[in-house]
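Peer 1: Have a look at this one before I ask anything.
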Amino acid sequence: MTTRHPFYKSVADSDWNDWRWQMRHRVTDPDELQRILELDDLARERVRAVLGRFRMAVTPYYLSLIDPRDPRDPVSLQAIPRPAELEVQQADLADPLAEDRDAPCRELEHVLTHRYPDRVLLLATGECTMYCRHCTRRRIVGRRERATSPALLTRALEYLKEHEEVRDVLISGGDPLTLSDSALENLLSAVHAIPHVEIIRIGTRAPVVCPQRVTPQLVDMLGRFQPLYVNTHFNHPAEVTDESRAACALLADAGFPLGNQSVLLRGVNDDPHIMKALVHDLLKMRVRPYYVYQCDLSEGIEHFRTSVGKGIEMVEFLRGHTSGLAVPTFVVDAPGGGGKIPVMPQYLISRTHNKVLLRNFEGVITTYSEPANAAVDSDLDSAHWCPPHKRSDIGLARLCAGDELSLTPSEHRSTRRASPSSGERDPSKDN
Ligand SMILES: *Cc1c(COP(=O)(O)O)cnc(C)c1O
Ligand code: SF4
């Protein structure tokens with residue numbers, strides 16, 4: 001078991017292992033933090049200054065993972081405010097992913113984001129177990145320290161019922177596991193009852209920052225809403241403990257596929273060897289590394305940002321070098337609401353009319369000959385398996401389908417002049 005911080009040594013095991021106790025005893029006050037971590041007054045005041053803008057809350061469990069002798073401790077960097085958070089940089093944005101713009105209506109801002117054709121993000125609460133210093137949603141999270149109101153949830157559910165294209169609902173927040181079992185159960189039953197919703201996903205950091213939250217009772221309740229996927233957020237091998245292993249084991253044994261979404265953070269995990277140790281630990285816990293995110297442009301987190309190149313380098317060190325299952329997809333969530341864009345090293349080096357030239361992880365260059373009949377579609381009848389209402393032939397998929405010649409930005413001069421009907425040749429594009 002994790003060694004408790006000496007400050008908590010007299011706490012009864014029954015309290016320590018109770019998630020409600022952990023939640024109630026989260027450290028939110030700089031004076032208390034000073035006592036526990038033995039900070040000097042200057043360090044305490046630096047924390048206090050940040051709290052005027054962004055919240056702090058750290059569970060005693062997560063605080064115990066901090067090595068007080070290490071000024072660059074990866075847990076501390078994620079949990080304890082630093083003055084750099086107050087520096088708003090030129091590139092920073094309050095809502096970098098334009099999640100509010102992609103809400104179906106004004107009222108559902110901060111509740112529902114419908115950006116992709118067939119799935120939505122539902123923010124069940126603004127509360128988190130621990131306020132990550134690097135949170136991308138810090139404009140909401142910790143500001144609205146409560147669950148989304150029943151009235152708004154009802155609105156969101158109405159929207160989901162009306163939108164038959166939504167087959168995947170991602171419940172996140174904040175952290176939905178800050179809700180009581182019964183509140184979460186009510187929400188899940190309502191979503192699960194919508195006939196066209198095929199799968200539900202829960203995004204939670206509880207297994208990392210408060211593994212005590214994952215109780216047999218919770219897991220039993222969640223079991224009624226299969227197929228249910230659980231995604232968590234480990235960033236560093238130091239977060240993998242007996243307790244977090246036990247939490248993941250409970251979830252995996254109950255049959256929930258587990259995934260992990262990390263954020264690439266300068267000074268925390270921007271080293272391919274640390275990432276490799278992390279993804280191996282995750283697989284041992286039956287957690288599949290799903291995404292690694294490039295750090296977003298949220299306010300006051302520039303000190304956490306790495307170059308995009310760092311993420312590509314991480315993939316270079318993983319792909320081929322270790323189990324394919326261990327390799328997450330590295331994504332840049334496009335500022336302005338463009339969604340997740342996967343980025344990876346170049347493996348396709350060149351191509352001719354009948355050959356592609358590829359390189360592997362060792363630098364071996366190889367050729368693959370295309371089949372002679374490549375130009376002819378195999379002409380499958382897919383309508384039975386994927387009826388028209390389930391299709392999303394938009395964007396580049398539409399170009400691939402051959403219905404359109406080009407994708408043109410709306411402010412392009414050809415579009416401004418007259419919008420040529422699709423497929424027609426526009427002479428203005430010839431130069
Ligand atoms: C990440 C995200 C999803 C889910 O994306 P997947 O690639 O399917 O995991 C859905 N909606 C929004 C707004 C998101 O940010
Ligand atoms: S758990 Fe997620 S939503 Fe909550 S503070 Fe951390 S990154 Fe933000």
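Please treat every number below as a calculation from the coordinates, not as lab data. Values in this document were obtained by computation on a predicted structure and should not be read as measured data. Cβ: placed from backbone, ideal geometry, glycine included. Neighbour counts: every protein chain shown.
Peer 1: List the chymotrypsin sites (Phe, Trp or Tyr not before Pro) within the stretch 169-248 that DSSP assigns to loop and that have no more than 15 neighbouring Cβ atoms inside 10 Å. Mind showing how you got there, number by number?
Peer 2: Working: sites: Phe225, Tyr229, Phe234; in loops: Phe234.
Loop-located and lightly packed - none at all.
Peer 1: Do the sum for the chain: with -39,500 (n - 2.57) for every DSSP H run of n ≥ 4, divided by all residues, what is the mean residue ellipticity at 222 nm, to the nearest 500 deg cm²/dmol?
Peer 2: Rounded to the nearest 500, the figure is -8000 deg cm²/dmol.
Peer 1: How big is the dipole moment of the chain about its Cα centre under a simple scheme where the beta carbon of each Lys and Arg is +1, that of each Asp and Glu is -1, and everything else is neutral? Debye, nearest 20, please. Don't skip to the answer; put the middle values down first.
Peer 2: Details: 53 positive and 60 negative charges, 65 e Å.
It works out to roughly 320 debye.
Peer 1: What is the sum of charges around Ile301, taking Lys and Arg as +1, Asp and Glu as -1, for the other residues whose C-beta is under 9 Å from the C-beta of Ile301?
Peer 2: Local net charge: -2.
Peer 1: Return the single residue from Arg351, Arg138, Arg115 with maximal mean-square fluctuation; model: Gaussian network over the chain, springs between Cα atoms under 10 Å.
Peer 2: In this elastic network of the chain, the residue with the biggest mean-square fluctuation among Arg351, Arg138, Arg115 is Arg351.
Peer 1: For the pairs Lys9/Lys310; Lys161/Lys340; Lys161/Lys284; Lys284/Lys355, note any where the Cα-Cα span goes beyond 31 Å. Please list the in-between numbers first.
Peer 2: Details: Lys9/Lys310 40 Å; Lys161/Lys340 26 Å; Lys161/Lys284 38 Å; Lys284/Lys355 39 Å.
Correct reply: Lys9/Lys310; Lys161/Lys284; Lys284/Lys355.
Peer 1: Give me Asp102, Asp175, Asp13 sorted ascending by neighbouring Cβ count inside 10 Å, so fewest comes first.
Peer 2: Numbers: Asp102 18, Asp175 24, Asp13 9.
Fewest to most other Cβ atoms nearby, the residues stand as Asp13, Asp102, Asp175.
Peer 1: Choose one of Gly142, Ala190, Ser10: the residue whose Cα lies farthest towards the positive end of the charge dipole of the stretch 1-344 (beta-carbon charges +1 Lys, Arg; -1 Asp, Glu; about the Cα centre).
Peer 2: Ranked along the dipole, the leading option is Ser10.
Peer 1: So, one more: Tell me the relative contact order for the stretch 346-408 as a rounded percent, counting alpha carbon contacts under 8 Å between residues six or more apart.
Peer 2: Contact order relative to length: 16 percent.
Peer 1: Report the Cα centroid-to-centroid distance between the stretch 160-237 and the stretch 364-386 in angstrom, as an integer.
Peer 2: After rounding, the separation between the Cα centres reads 38 Å.
Peer 1: Please report the relative contact order for the stretch 1-344, taking Cα pairs under 8 Å with a sequence separation of at least 6, and give it as a percent rounded to a whole number.
Peer 2: On the way: 643 pairs, mean separation 56.1, N = 344.
Averaging sequence separation for qualifying contacts and normalising by length gives 16 percent for the stretch 1-344.
Peer 1: Hey, another quick one. Based on DSSP, what percent of beta bridges with both residues in the chain are antiparallel, to the nearest 5?
Peer 2: Percentage antiparallel, nearest 5: 40.
Peer 1: Specify which residue in the list His353, Ile365, Gly339 is farthest towards the positive end of the charge dipole of the chain, using unit charges on the beta carbon of Lys, Arg (+1) and Asp, Glu (-1), about the Cα centre.
Peer 2: Ile365
Peer 1: About its Cα centre, what dipole magnitude does the stretch 331-420 give when the only charges are +1 on Lys and Arg Cβ and -1 on Asp and Glu Cβ, stated in debye to the nearest 20?
Peer 2: Dipole size: approximately 360 debye.
Peer 1: Another question, then. Fewest Cβ neighbours within 10 Å first, please rank Thr322, Thr136 accordingly.
Peer 2: Thr322, Thr136
Peer 1: Provide the gained length on full extension for the span Val88 to Arg167, in nm with one decimal, where the gain is 0.36 nm per separating residue minus the Cα-Cα distance.
Peer 2: Extra length available between Val88 and Arg167 comes to 24.6 nm.
Peer 1: Now for a separate question. Among Leu179, Leu380, which comes first, then next, by fewest other beta-carbon atoms within 10 Å?
Peer 2: Leu380, Leu179
Peer 1: OK, next. Over the stretch 27-111, what is the relative contact order in whole percent, taking alpha-carbon pairs under 8 Å and six or more residues apart?
Peer 2: Reported as a whole number, the value is 25 percent.
Peer 1: Continuing with this model, one more query. Over 39 Å, how big is the tail of the calculated P(r) for the chain, in percent of all Cα pairs?
Peer 2: 27
Peer 1: Using 0.36 nm times the number of residues separating Ser406 and Ala183, minus their current alpha carbon distance, what extension gain do you get?
Peer 2: Stretched fully, the Ser406-Ala183 segment lengthens by 75.5 nm.
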